[in-house]
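Data block below; observations after.
The values are calculated or read from the model by the stated rules, or taken from the named source; none is laboratory data. Owing to the predicted nature of the structure, the values given are computational and were not obtained by experimental measurement. Note that each Cβ is placed from the backbone with ideal geometry, even for glycine, and that neighbours are counted across all protein chains shown.
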Amino acid sequence: MTTVLLVDDEKLIQRSLEKTLLRAGYDVLTAPDCTTGSEVFSQNKDAVDIAVLDLNMPGFEGMPKNDAGLDLLVKLKEQKADLPVVILTAYDEVNKAKDAVSKGANAFFVKGREQGLVELIQKILNEK
């Protein structure tokens, strides 16, 4: 069973993506912010096959932070260097998302087309 760590502070988006991933046959672990995401990952490091991280969410200080997902990306990669990561982004943040790829993310995904995310995850895991 493939396990996805999904970290997003927007409840509706998180629930919608979680349902889509569960329907596609994935196990899903969720977290609403960087701190919780990091803790959930540490407790399930061996089980997590891929992480899907929101770009903007509460950071490690608990305050909303632009690019907090990049901080979490770096932290997860320190613990598991080969972990594939997808950064979730709003439509107008594509340049930042490219930044994420330079920091080690495998891809970025613009929110709103859930089925496309499933296809992207499958593609990344098939390349592993």
### Task
Scan (1) of a type in the set (Gly, Ala, Ser); (2) surrounded by fewer than 18 Cβ atoms within 10 Å (Cβ to Cβ); (3) touching a residue at least 24 places away in the same chain (Cβ under 8 Å) for the single condition Ala68 breaks and write down its number.
(2)
### Residues of the stretch 72-93 satisfying the condition of being surrounded by fewer than 20 Cβ atoms within 10 Å (Cβ to Cβ), among the charged types (D, E, K, R) and at pLDDT below 95
Asp92
### Scope the stretch 15-47; condition under 21 Å from Asn66 (Cα atoms), among the acidic types (Asp, Glu) and out of contact with any Gly (no Cβ under 8 Å at 6 or more places or on another chain); matching residues
Glu39
### The listed residue being more than 17 Å from Glu10 (Cα to Cα), in contact with an Asp or Glu (Cβ under 9 Å, 6 or more places away or on another chain) and either free of Cβ contacts under 8 Å to residues at least 40 places away in the same chain or surrounded by 17 or more Cβ atoms within 10 Å (Cβ to Cβ) (or both), out of Lys123, Lys96
Lys96
### Task
Looking only at the stretch 5-12, decide whether some residue is more than 20 Å from Gly112 (Cα to Cα), surrounded by fewer than 21 Cβ atoms within 10 Å (Cβ to Cβ) and acidic (Asp, Glu).
no
### Query
Taking the stretch 1-17 only, how many residues are closer than 23 Å to Phe60 by Cα and free of Cβ contacts under 8 Å to residues at least 40 places away in the same chain?
4
